[in-house]
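Student: Pasting a structure below so you can have a look.
The values are calculated or read from the model by the stated rules, or taken from the named source; none is laboratory data. Only a predicted model underlies this, so the values are computations on that prediction, with no experimental measurement involved. Quick reminder, even Gly has a Cβ in these numbers, built from the backbone with ideal geometry, and neighbours come from all protein chains shown.
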Amino acid sequence: MSQPSPYTPGEIAHEVPGRADHLDRVADLLAAMSARQRLAGRVHVFVGPRGVGKTSLLREAQRQAEAAGHQTVFVTAGHGDLVTTLVEAIGLGPLRWQPQSVGARLRELGISVGVPGARVEATFGGGDDPTVVRRLEDLLRTTAREVAEQDAAGTVLFVDELQSADRDGLRALAYVWQHLQADPDGVPLALVCAGLGHTEDVVTDAASFAERFAYRQVGSLEEAATREALSAPATALGVTWETAALTEVVRRTQGYPYFVQVHGDGVWRAADRPDPGSTLTRAHVDAAREGVAEDLEALYRSRWAKASPSEQRFLAAMSASADEAVRRGDIADALGVATGALGMARRALMDKGLVEVAGHGRLRFTVPGFREFVRESADVGGLR
């Protein structure tokens, strides 16, 4: 009987090989919070390009937190105001508000609910105004204490896509956490987030002291972890990888987790959904080449389409460099503009996850092979 593919390109993975260190950091944070029954004062933020499994990592951390007895709240920023999103999730999660009472609770926090969503009407950091900052702080204290009274180990807030949060929401949450640090006892509460590589810039722009958050890089997998990501799902179904086949796929994927899943899925389908006892061979890898290439081409074209014409010219200028990490000065020279004129396009491309900082004054593409795609396929006036 043929077996469905255990590989999950484009989906949240349920196994995260190579991320033990990141998960251990979260586990240590939560263990200390639980043992002391106090706030986990340092916010952890996992940062990296799209496709490296940050959401899967965050979800696995959530599963492990729940297995350790914690109550959790998981939200994705960018779909409305961050404060509203958090309040709704807390109310329908640990505090178990009735759905019809959510609007009233939001209004108590100074948030007006309208169509199509909610918006924060307060200003932040101003004198004595009892705004969302103080009320959100009260809500989080109440949540942590009520959850503790239910004999839970603590409460953990998970925020994904942090770089997409609204500036006021980021500032409010940062200030709340700063206030909680002043009186952490009896507030077993932790905040763990994930975002693109420039998340630190976005967050510290909203609240400069947020530079003290713990920003941890999540990148491509080491070779051993790549091999595990390919072999473990197959082994669980009684299927093995031929050494030569595994070595070739490791080489082709360059440890980029999304590519690992695409190649694994392609090879599995090329092997006709193998039965237990089967072996995935180099012949299957070669047979999967065309289908995998189509999947990667679709990814590249989708990412290219996200860029505006001026941003595409920026990308084309980057692709012309022989260096993986491209100097901003070289990009400016290729475009015939001053370096300072690159700021808007640079930030937009970072927001879209197409490029990332690679050291002072340098940028690189976030996806392996995208530079070659731009070089070979992009038709940008004046740069071809």
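Student: What residue, among those in region 147-166 that are part of a helix (DSSP H, G or I) and within 15 Å of the chain's Cα centre (by Cα), is surrounded by the fewest Cβ atoms within 10 Å (Cβ to Cβ)?
Tutor: Only one residue fits best here, namely 164.
Rundown of residues vs (1) more than 30 Å from residue 358 (Cβ to Cβ); (2) small (Gly, Ala, Ser); (3) outside any strand (DSSP E or B), yes/no style:
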{"residue": "4", "(1), (2), (3)": "yes, no, yes"}
{"residue": "15", "(1), (2), (3)": "no, no, yes"}
{"residue": "28", "(1), (2), (3)": "no, no, yes"}
{"residue": "33", "(1), (2), (3)": "yes, no, yes"}
{"residue": "51", "(1), (2), (3)": "no, yes, yes"}
{"residue": "61", "(1), (2), (3)": "no, yes, yes"}
{"residue": "91", "(1), (2), (3)": "yes, yes, yes"}
{"residue": "94", "(1), (2), (3)": "yes, no, yes"}
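Student: Within region 347-365, can you find the residues that are crowded, with 19+ Cβ neighbours inside 10 Å and assigned to a helix (DSSP H, G or I)?
Tutor: Correct list: 349, 350.
Student: Testing residue 111 on (1) β-branched (Val, Ile, Thr); (2) within 21 Å of residue 175 (Cα to Cα); (3) surrounded by fewer than 19 Cβ atoms within 10 Å (Cβ to Cβ); (4) modelled with pLDDT under 95, one condition comes back false. Which one is that?
Tutor: Result: residue 111 passes all but (3).
Student: Any idea which residue in region 211-269 is farthest from residue 365 (Cα to Cα), counting only those that are of a type in the set (Asp, Glu) and loosely packed, with under 15 Cβ neighbours inside 10 Å?
Tutor: 211
Student: May I ask you to verify whether residue 172 is in the same structural domain as residue 90 (by TED's automatic domain parsing), modelled with pLDDT under 95, buried (at least 20 other Cβ atoms within 10 Å of the Cβ) and in contact with a helix residue (DSSP H, G or I) (Cβ under 9 Å, 6 or more places away or on another chain)? Lay out the reasoning, then the answer.
Tutor: Working: in the same structural domain as residue 90 (by TED's automatic domain parsing): yes; modelled with pLDDT under 95: yes; buried (at least 20 other Cβ atoms within 10 Å of the Cβ): yes; in contact with a helix residue (DSSP H, G or I) (Cβ under 9 Å, 6 or more places away or on another chain): yes.
So residue 172 fits the description; yes.
Student: Another question about this same structure. Considering only region 223-284, give the helices (runs of 4 or more DSSP H) lying wholly within it that have at least 3 residues that are over 18 Å from residue 10 (Cα atoms).
Tutor: 223-236, 243-253
Student: For residues that are among the basic types (Lys, Arg) and at pLDDT below 95, tally how many sit in region 175-217.
Tutor: Residues that pass the stated criteria total 1.
Student: Restricting to region 66-86, and then to whatever is among the hydrophobic types (A, V, I, L, M, F, W, C) and over 17 Å from residue 193 (Cβ atoms), can you tell me which residue is surrounded by the fewest Cβ atoms within 10 Å (Cβ to Cβ)?
Tutor: Ranking the candidates gives 67 first.
Student: Taking the conditions exactly as written (closer than 19 Å to residue 22 by Cα, among the small types (Gly, Ala, Ser) and assigned to a helix (DSSP H, G or I)), does residue 172 satisfy them or not? Let's see the steps before the verdict.
Tutor: Numbers: closer than 19 Å to residue 22 by Cα: no; among the small types (Gly, Ala, Ser): yes; assigned to a helix (DSSP H, G or I): yes.
No; evaluated as a whole, the condition is false for this residue.
Student: Here's something else I'd like to know. Quick one: which residue in 227, 269 is among the basic types (Lys, Arg), without any contact (Cβ under 8 Å) to a residue 24 or more places away in the chain and either closer than 21 Å to residue 162 by Cβ or not assigned by TED's automatic domain parsing to the domain that holds residue 147 (or both)? Quick ask: steps written out before the conclusion?
Tutor: Details: 269 fails: without any contact (Cβ under 8 Å) to a residue 24 or more places away in the chain.
Exactly one residue qualifies, and that residue is 227.
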